[in-house]
Every structure is written in C-alpha cells, then in structure tokens.
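Below is one structure; the comments refer to it alone.
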Amino acid sequence: DQQVKQNSPSLSVQEGRISILNCDYTNSMFDYFLWYKKYPAEGPTFLISISSIKDKNEDGRFTVFLNKSAKHLSLHIVPSQPGDSAVYFCAASANSGAGSYQLTFGKGTKLSVIP
Amino acid sequence: DTGVSQDPRHKITKRGQNVTFRCDPISEHNRLYWYRQTLGQGPEFLTYFQNEAQLEKSRLLSDRFSAERPKGSFSTLEIQRTEQGDSAMYLCASSLAGTGNTEAFFGQGTRLTVV
C-alpha cells in the first residue's frame, strides 16, 4: 500500500509559466514533508520542506502548500525554467516524539519545461 | 566537496557474488540512511543509523543484507549471494540530529547490476 502518491507520472510546462506538482498521502502520522529533485544518474537533491504546523513555505521560485485535512501537498514553481526539468519526488516522515526518521517517497513526477 | 560520497558509482557483479558499498556522510551529520531505488519507483528506506547504532531496519533488508557504521563515521552496505532482483540504485543519505526536523542529503548513489 503506497502511503505517498504522486498520481501524475509526467508534466510538461512552457518556460515562464507555473508548474504545479501534486502529492497525496494516507498516513495521518506524517508530520514533515519534503520535495526532492532528481536528475538522471544523480542522487535526489533537497528542494524545500514543510512541517505539519504550517500550510505554506516559500523559497524563491518554489512554494509548497500543505492541506492536512485533504492529506494533500503541492509544489509550485514560478516561473518555470528549462533547468527545472527533472524528476520531482514528494517524501514524508513521522518524526514526532520517538517517531521514525525514515522518509517515505512517492514514485515521482517527471517535469519537462519547454523553452 | 563536502557532500555525501558513495563508492563505487557503478558495480556489475555475477549472481551469487558478494558486494560491498561505502558511504561517507557529511562530516558533522550523525544520522545516516540507506535507501534503494528501482526503475520507476521512488527511493525505499532500508536502514538508519544514529552515530554507530543501527536504529531501524526495513523488512526489505533481508538476511543477505548487512550494514555497519563503525565509529559513527562512514558506513558500509554488504549484500551477500547477490540475486538479479538486487539490481538497483543504492542511495546513502545523511542528516543532522536536532530539536526540529532536518532534511536528509543524498549521495549520487551506487548502481548495482547483477548479471
């Protein structure tokens, strides 16, 4: 049973427009969420995170929104650039108290930004 | 470069052979993780160390897998009697323990091919 779901395997966006990547989760114990970007033949690179006590976190062109009641988060990239083309992974962990520090990942969404 | 370093980057081995991978985490990080990623999937958690203590192991980590982190610095992951199903990218990550959530930084991975 997949606890973190990224239902869109791929997304194409025109350069300069907004990219919206979505992620749903089922485990209500998750309290920390992260987005990673991965280029081919490289390890995932941390992008942005959000704690469950917040509903928005912004870092430059990247904003993550968390809707706890819907168990949904999204990553917005504005404006999108060709260098953003990569696979984006949503990840979650349940760190509260003596919780686990392992990350549970979705299957990823391949973003293509078209010049 | 002070990022997470993994060696080797690629390993081709015959079925039944033993292989060992090494991970050097970011020097001040006391948490170290091993993940496995297969084609079309997100990384899957294998095991986690805090300093030299192995605190969590996934059910994915069969008896043929063993991980160590002597002295709480570098870590090794050994796979005995390799099978074709072990072919995957093996990722190491590290993070800094703190009072809040901290993101994990990944190495570039070791790609294992079992023939």
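Please give the strands (runs of 3 or more DSSP E) falling wholly within region B:1-51 in which 2 or more residues are more than 13 Å from chain A (Cβ to nearest Cβ).
The strands (runs of 3 or more DSSP E) meeting that bar are B:10-13, B:19-24.
Just checking, which of B:Arg59, B:Arg22, B:Arg31 is at pLDDT 95 or above and of a type outside the set (Ser, Thr, Tyr)?
B:Arg22
What pairs come out if I take residues in region A:77-91 that are within 14 Å of chain B (Cβ to nearest Cβ) and pair them with residues that are surrounded by fewer than 18 Cβ atoms within 10 Å (Cβ to Cβ) whose C-beta lies under 6 Å away, six or more apart or interchain?
Between residues of region A:77-91 that are within 14 Å of chain B (Cβ to nearest Cβ) and residues that are surrounded by fewer than 18 Cβ atoms within 10 Å (Cβ to Cβ), the close pairs are A:Ala86/A:Tyr39; A:Val87/A:Lys110.
Condition first: among the aromatic types (Phe, Trp, Tyr), out of contact with any Cys (no Cβ under 9 Å at 6 or more places or on another chain), outside any loop (DSSP other than H, G, I, E, B) and open to solvent by less than 70 Å² (accessible area, probe 1.4 Å). Now tell me which residues in region A:25-69 satisfy that.
Scanning region A:25-69 gives A:Tyr32, A:Phe46, A:Phe62.
Restricting attention to region A:70-84, and to residues there that are of a type in the set (S, T, N, Q) and not in a strand (DSSP E or B), which single residue is farthest from A:Asn7 (Cα to Cα)? First the steps, then the outcome.
So in region A:70-84, the residues of a type in the set (S, T, N, Q) come out as A:74, A:80-81.
Cutting the leftovers down to not in a strand (DSSP E or B) gives us A:80-81.
Details: A:Ser80: 21, A:Gln81: 23 Å.
My answer is A:Gln81.
The values are calculated or read from the model by the stated rules, or taken from the named source; none is laboratory data. Just so we're clear, the structure is a prediction, and the values are computed from it rather than from any experiment. Ideal geometry is used to build each Cβ from the backbone, glycine not excepted, and the neighbour counts take in all protein chains shown. The protein model used for the area step is the full one, side chains on, heavy atoms only, and it has no ligands, DNA or RNA in it. Shrake-Rupley method; radii C 1.70, N 1.55, O 1.52, S 1.80 Å.
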